[in-house]
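To keep things clear, I will list the structure first and then write my remarks on it.
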Amino acid sequence: MAEPAVRIPDAKVALSTASVYPESTATAFEIAARLGYDGVEVMVWTDPVSQDIEALRRLSDYHQIPVLAVHAPCLLITQRVWSTDPWTKLQRARAAAEKLDASTVVVHPPFRWQRQYARDFVAGIWRMANETDVRFAVENMYPWRYRDREMLAYAPDWDVTKDDYRHFTIDLSHTATARSDALAMVDRMGDRLGHVHLADGRGSVKDEHLVPGRGNQPCAEVLERLALTGFDGHVVIEVNTRRAMSSAEREADLAEALAFTRLHLASAAKVPRR
């Protein structure tokens, strides 16, 4: 019987610029290039460089690392980044993606207190998606918990598969925090799964974003399923390295995450040699 050959799937592996925090967006490009990532996802936040399209273009050109995705400023700490109006934020994220040749804008569902935005969100995302070739990939979130209390912080729902979106992002740290079944969510997303945030978690009330393989999420199984089903989106390493004691330790974590991802994307893509 012939030895199996390994067919590497088309999915690119990118580094989220959030993964180097508290170091800078510029450092993320440098590390991504040095470690051999296929590109970066720019988290637009308080770092001025992350908000500056021309600065991002220069970094991309200098390091020869493409921007594959733009994460819109949806976090609590970015409420004033690129306007206080959420639709303006998404319009600017789309414009940035188009100018940087990024294929995807990642967006969170609204907070429940953003009532008008939440009411119009599903229809509004469809409207914006119809105006561009950029994918608007809506990301799964989680309930907020404190001791034995649970608060539903997102609307229409933290489980984005309950609503009709053209594209989804699955985040495996968020499935851990939500204590939901990641593989079942991948199945529900089906061919509308356009983007992956790869990280791990142990089911803590905190959104942990551990290096893949250090928690209890089926990171390997998800990657293998993506490879077998011909996933054509991007897999983005979005991990928390704030506790790294040095830049070298941070870089080692990001190298480990990249190796884990490439291994499991390839291991499921074995085909017989002819």
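Just so you know, the averaged projected area of the alpha carbon convex hull for segment 84-125 sits at 3.1 nm². Counting only protein heavy atoms and a probe of 1.4 Å, the accessible surface of segment 71-184 is 46% carbon and sulfur.
Accessible surface calculations at 1.4 Å, restricted to protein heavy atoms, place the chain at 47 Å² per residue. Shown for segment 90-160 is the translational diffusion coefficient from the Stokes-Einstein equation, using the Kirkwood radius over Cα pairs, a temperature of 25 °C and a viscosity of 0.890 mPa s: 186 µm²/s.
Here each label is just a point 7 Å from Cα along the line to Cβ, and for R34 and T132 those points are 3.2 nm apart.
Within segment 72-166, the chymotrypsin sites (Phe, Trp or Tyr not before Pro) that combine a DSSP coil assignment with at most 16 other C-beta atoms in a 10 angstrom radius are W113. What shape does segment 152-248 have by the C-alpha gyration tensor, where a ≥ b ≥ c are the square roots of the eigenvalues, rounded means a/c under 1.5, and otherwise prolate means a/b greater than b/c and oblate the rest? Taking the square roots of the gyration eigenvalues as a ≥ b ≥ c, segment 152-248 is oblate. Work out the FRET efficiency for R112 and S83 from their Cβ-Cβ distance, taking R0 = 25 Å, and round it to the nearest 0.05. Efficiency at R0 = 25 Å is approximately 0.80.
Shown here are the Rg and Dmax of the Cα trace of segment 178-235, at 11.4, 33 Å. Span-like helix check, the chain: qualifying full DSSP H segments, with Cα axial length of 27 Å or more and mean Kyte-Doolittle of -0.5 or more, are 247-267. Cα gyration tensor of segment 64-186, axes a ≥ b ≥ c as square roots of the eigenvalues: rounded (a/c below 1.5), prolate (a/b > b/c) or oblate? Here segment 64-186 falls in the prolate category. All distinct Cα pairs of segment 44-87 go into the 1/r average, and the inverse of that average, the Kirkwood radius, is 11.4 Å.
Over all other residues within a Cβ to Cβ distance under 15 Å of Q114, the charged ones net out to +2, with Lys and Arg as +1 and Asp and Glu as -1. Only alpha carbons enter this Debye calculation for the chain, each as an equal point scatterer, and the log10 of I(q)/I(0) it gives at q = 0.07, 0.08, 0.14 Å⁻¹ is -0.23, -0.31, -0.98. Count the net charge of all other residues whose Cβ sits under 10 Å from the Cβ of H209, scoring Lys and Arg as +1 and Asp and Glu as -1. Neighbour charge sum, excluding H209 itself: -3. Binning all Cα-Cα separations of segment 1-137 at 10 Å, short to long from zero, yields these whole-percent fractions: 12, 40, 29, 12, 4, 2, 0.
The values are calculated or read from the model by the stated rules, or taken from the named source; none is laboratory data. The structure displayed is predicted, hence computed values, not measured ones. Every residue, glycine among them, receives a Cβ derived from its backbone with ideal geometry; neighbour counts consider all protein chains shown. These accessible areas exclude ligands, DNA and RNA; they are computed on the full protein's heavy atoms, side chains included. Shrake-Rupley method; radii C 1.70, N 1.55, O 1.52, S 1.80 Å.
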